[in-house]
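To keep things clear, I will list the structure first and then write my remarks on it.
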Amino acid sequence: MSAIYNASRRGFLKTSALAGGGLLIGFTLPGASRLAQAVSVFSPNAYLRIGSDNQITVICGLSEMGQGVHTAIPMLVAEELDADWSKIKVEQAEADPAFNNPIFGMQATGGSTSVRGHWEPMRKAGAAARAMLVAAAAERWNADPADCRTEKGMVVHKSGKKLSYGQLAAAAAKQPVPAQVQLKSPKAFRILGRAARRLDTPAKVNGSAKFGLDVRLPGMLTAVMARPPVPGGKLVSVDDSKAKAIAGVKQVLQIPGGVAVLAEGYWAAKQGRDALQIKWDDGANAALLSDAVSKMLAEGAAKGGALGRNEGDVGAPVAKRLEAVYEAPFLAHACMEPMNATVWVKPDEIEVWAGTQSQGPSQGILGEVAGVAPGKVKVHTMYLGGGFGRRFAPDFTVDATLLSKISGKPVQLVYTREDDMKAYFYRPASVARFAGGLDANGKAVSFSASICSPSLMEASGFMKLPADGVDEMAVEGIRDCPYDFPNLRVEYARREPGVQIWFWRSVGHSQNLFFIESFVDEMAAAAGKDPCEFRLGLLGKQPRFRGVLELAAKKAGWGKPLPAGVHRGIAVAHSFGSYVAEVAEVSVGRDGKVRVHRVVGSVDCGLTVNPEIVKRQIESAIVYGLSAALYGKITFKDGRVEQSNFHDYPVLRIDEMPKVEVHIVASTEPPGGIGEPGLPPVAPAVANAIFAATGKRVRKLPIKAEELKQA
């Protein structure tokens, strides 16, 4: 999801206490705004625990979904603490306003905000704890703290005397918290910026890691639901006699989301759900059709709408004018672990076990559902089998809460793969209409864009369109276009096809960078210029854009010969505080089949925490983005979603995986995000390579082989 809030990063350590013979540090993580209905109290804290056994534990309030926060956050603390990395472990925090994300102002994970938001507060926490340990050692030695230093979990006096952090923990807890701390210069980093073992890997390898589907409680019932097959549909009637006749089925319950079968185990619940005889009222979307959605969005883009940016005069005469219309479809998240949640509604509290990206909002939302205060909602965050924004949504936790409340039992609600695919939380479909102008020398002098899509801000439930009427997520990546066009205009037209939309990995950038980077490539071709050089000529005021573009081109061998039939395409993007350029090497068979052989990426994400995590996240984003570019689409016919599983919503297979190279730009800038920025450039890089190979432009995703067939 997109980072839409800004926050000051003032403040750090505020309390210390002795607990169990160790040093317990709490430090503030200031926030800016929140979901009013979600969190009632804001006293953001996170915690560092140092035991007398020298074990150092960082309690992380962020959700680990493969992106590496259970390693990156402890690295931030360990660096300034001068800890021994082999003594570091991480624990998942419960839901508590103390662990609010500083950028969101609520406990939630998304928008590639984790390191960006915690970069300074977590380091300050480690530095302050280190200062307290030094003070405790100096006091014991009756020495000047200035004569002490720290290294790998030890305080060392200039005389050579040493004490471990564990030996000093109890005494350090009695020291006053320093009002100010001095953070290290990046040149002095010993842990940050270097590869470190991931702390969550052993548990995932040996099977001890617990995901949402692994939860088991005494007396727990498993629920599988039948939901309206058409968005906005309603239940008319249900005959549950056949479902109740299935062994293991205990209850059939109706809730606003549909009809649930509760049983002793998943298979009985699924069989029961499949045996239900239901009559639905399909409502206003009964005739929903993808072609009609495309037409609606295209007409909206043609008409234009709210003004997002206007510089110069895009209507001024030009030597050459070109126009194009681009389109991207609805997309499912297709997480490997389908949505699930286990909830136990007790008389005076709720316990929730879920792989969720939104613990803080869940406390308020589920508390309201069950009729208890947010503080009485205990959310146990499990490992997430993929998130991509989908697990920020509340649907699965809300329904599980209702089912537990009504049944009086702990309930594990499980979405089948088909349920998950048809759950309507999709990336928005979008259409962009472009016009560009070139002067007689082939220089780009004008650019205009009109984007039409439903409003993700309004769909979120906790944001509203701003006064200018422009959904910032619908236009991101285009309204903030970095190219130096003297005349530039961007408009947004809102249209609502009637489908629930949601945050999808890299949000608006995921489709908008395909749109704009493909069209800029069209402008380069019309100008008769090399696509990379054309971009560089428009990025004179953007050194970080130029840096990643030049590095990717160099590492890919841009301009050098390729094997017969293989061609290159290039694209560059800025999102979530980071800059990424990618070069794709592609061939197109006579049957139109596209093969991506190699992707070379360069990334400037500012100061890095763990370069191996950076590389893996770019690789992950490339795989995810290629799946969407080559295959991804959710379509509607007669109001119903046509896709149901991976046979008709394919993802990239192992034999299709290109060779991927990732190069990191050395930078002293503040950290940017990394979970999402690698995705936006891959689709346009591939599409631009297809043009180089065939002379045909891909203006609608996913890429269709039949449109690229050779005669």
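The values are calculated or read from the model by the stated rules, or taken from the named source; none is laboratory data. Remember, it's a predicted structure, so these values are computed and weren't measured experimentally. Note: ideal-geometry Cβ built from the backbone for every residue, glycine included; neighbour counts use all protein chains shown.
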Query raised in the report: Failed condition for Lys270, given (1) at pLDDT below 95; (2) surrounded by 13 or more Cβ atoms within 10 Å (Cβ to Cβ), with all others met?
Result: (1)
Requested in this report: Considering every residue within the stretch 481-494, establish whether at least one is acidic (Asp, Glu), within 30 Å of Val249 (Cα to Cα), outside the structural domain of Ser358 (by TED's automatic domain parsing) and at pLDDT 95 or above.
Outcome: no
Query raised in the report: Which condition does Ala269 not pass, out of (1) assigned to a helix (DSSP H, G or I); (2) in contact with a Pro (Cβ under 9 Å, 6 or more places away or on another chain); (3) among the aliphatic types (A, V, I, L, M), if it passes all the others?
Result: (2)
Query raised in the report: Pairs, please: C-beta under 8 Å, at least 6 apart or cross-chain, first residue touching a residue at least 24 places away in the same chain (Cβ under 8 Å) and in the stretch 566-595, second charged (D, E, K, R) and in a loop (DSSP other than H, G, I, E, B)?
Result: His574/Asp480; Ser575/Glu476; Ser575/Glu676; Phe576/Glu676; Arg590/Lys709; Asp591/Lys709; Gly592/Lys704; Gly592/Lys709
Query - Residues being assigned to a helix (DSSP H, G or I) and either closer than 30 Å to Leu465 by Cα or hydroxyl-bearing (Ser, Thr, Tyr) (or both) - total across the stretch 272-308 - result: 17
Query raised in the report: If you scan the stretch 190-221, which residues turn out to be crowded, with 16+ Cβ neighbours inside 10 Å, under 30 Å from Lys124 (Cα atoms) and more than 24 Å from the chain's Cα centre (by Cα)?
Result: Ile191
Query raised in the report: Ser40: of a type outside the set (Asp, Glu) and modelled with pLDDT under 50, yes or no?
Result: yes
Report task. Return yes when Ala301 is within 30 Å of Glu517 (Cβ to Cβ) and buried (at least 16 other Cβ atoms within 10 Å of the Cβ) and no when it is not. Result -> yes
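Val580: over 30 Å from Leu76 (Cβ atoms), of a type in the set (Val, Ile, Thr) and not in a loop (DSSP other than H, G, I, E, B), yes or no?
no
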**Report entry** Subset of the stretch 676-703 (residues that are assigned to a helix (DSSP H, G or I), touching a helix residue (DSSP H, G or I) at 6+ places or on another chain (Cβ under 9 Å) and closer than 23 Å to Glu323 by Cβ)
**Finding:** Ala683, Pro684, Ala685, Val686, Ala687, Asn688, Phe691, Ala692
Requested in this report: Check Val90 against each of (1) part of a strand (DSSP E or B); (2) within 22 Å of Ala203 (Cα to Cα); (3) at pLDDT below 95; (4) not aromatic (Phe, Trp, Tyr) and name the one condition it does not meet.
Outcome: (3)
Query raised in the report: Quick one: what pairs do we get from the stretch 671-700, first residue in the same structural domain as Glu476 (by TED's automatic domain parsing) and under 18 Å from Val596 (Cα atoms), second of a type in the set (S, T, N, Q) and assigned to a loop (DSSP other than H, G, I, E, B), C-beta under 7 Å, 6+ apart or different chains?
Result: Leu679/Ser506; Pro680/Ser506
Query raised in the report: Which residue pairs have Cβ atoms under 8 Å apart, sit 6 or more places apart or on different chains, and have a first residue in the stretch 641-652 that is touching a residue at least 40 places away in the same chain (Cβ under 8 Å) and a second that is among the acidic types (Asp, Glu) and not in a loop (DSSP other than H, G, I, E, B)?
Result: Ser644/Glu418; Asn645/Glu418
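Here is a yes/no grid of residues against (1) outside any helix (DSSP H, G or I); (2) of a type in the set (Val, Ile, Thr); (3) closer than 11 Å to Ile664 by Cβ; (4) under 18 Å from the mean Cα position of the chain (by Cα):
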site	(1), (2), (3), (4)
Gly592	yes, no, no, no
Val599	yes, yes, no, no
Ser602	yes, no, yes, no
Arg616	no, no, no, yes
Leu626	no, no, no, yes
**Report entry** Qualifying residues in the stretch 418-477 (those that are touching a Gly at 6+ places or on another chain (Cβ under 9 Å) and of a type in the set (S, T, N, Q)) - the one farthest from Ile516 (Cα to Cα)
**Finding:** Ser453
Query raised in the report: Only one of (1) farther than 26 Å from Glu656 by Cβ; (2) free of Cβ contacts under 8 Å to residues at least 24 places away in the same chain fails for Arg535. Which number is that?
Result: (2)
Query raised in the report: Does Ala319 fit the bill of being surrounded by fewer than 24 Cβ atoms within 10 Å (Cβ to Cβ), at pLDDT 95 or above and not basic (Lys, Arg)?
Result: yes
Report summary line: Residues of the stretch 222-243 being more than 30 Å from the chain's Cα centre (by Cα) and within 10 Å of Gly257 (Cα to Cα), in sequence order, are Lys234, Leu235
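This table checks each residue for (1) hydrophobic (A, V, I, L, M, F, W, C); (2) assigned to a loop (DSSP other than H, G, I, E, B).
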site: Ala95; (1), (2): yes, yes
site: Thr109; (1), (2): no, yes
site: Ser112; (1), (2): no, yes
site: Ala127; (1), (2): yes, no
Query raised in the report: Does Val58 satisfy the criteria of being surrounded by 24 or more Cβ atoms within 10 Å (Cβ to Cβ), out of contact with any Gly (no Cβ under 6 Å at 6 or more places or on another chain), touching a residue at least 24 places away in the same chain (Cβ under 8 Å) and assigned to a strand (DSSP E or B)?
Result: yes
Report task. Give the residue that is surrounded by the most Cβ atoms within 10 Å (Cβ to Cβ), with candidates limited to residues of the stretch 107-130 that are modelled with pLDDT of 95 or more and aliphatic (A, V, I, L, M). Result -> Val115
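With surrounded by fewer than 24 Cβ atoms within 10 Å (Cβ to Cβ), touching a strand residue (DSSP E or B) at 6+ places or on another chain (Cβ under 9 Å) and either modelled with pLDDT of 95 or more or in a strand (DSSP E or B) (or both) as the only criterion, which of Gly477, Gly442, Gly436, Gly498 stands out?
Numbers: Gly477 fails: surrounded by fewer than 24 Cβ atoms within 10 Å (Cβ to Cβ); Gly436 fails: surrounded by fewer than 24 Cβ atoms within 10 Å (Cβ to Cβ); Gly498 fails: touching a strand residue (DSSP E or B) at 6+ places or on another chain (Cβ under 9 Å).
Within the list Gly477, Gly442, Gly436, Gly498, the selection yields Gly442.
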Report summary line: Residues in the stretch 166-189 that are modelled with pLDDT of 95 or more and crowded, with 18+ Cβ neighbours inside 10 Å total 0
Report summary line: Ala188: passes all of (1) in the same structural domain as Thr381 (by TED's automatic domain parsing); (2) without any contact (Cβ under 8 Å) to a residue 24 or more places away in the chain but (1)
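I need the full set of residues from the stretch 535-563 which are touching a strand residue (DSSP E or B) at 6+ places or on another chain (Cβ under 7 Å) and outside any loop (DSSP other than H, G, I, E, B), in order please.
Step one: list which residues in the stretch 535-563 are touching a strand residue (DSSP E or B) at 6+ places or on another chain (Cβ under 7 Å), which gives 535, 538, 544-545, 547-549, 551-553, 555-556, 558, 562.
Hits for the stretch 535-563 are Arg535, Arg544, Phe545, Gly547, Val548, Leu549, Leu551, Ala552, Ala553, Lys555, Ala556.
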Query raised in the report: Hey, among Glu706, Glu612, which residue is over 30 Å from Pro186 (Cα atoms), in a helix (DSSP H, G or I) and charged (D, E, K, R)?
Result: Glu706
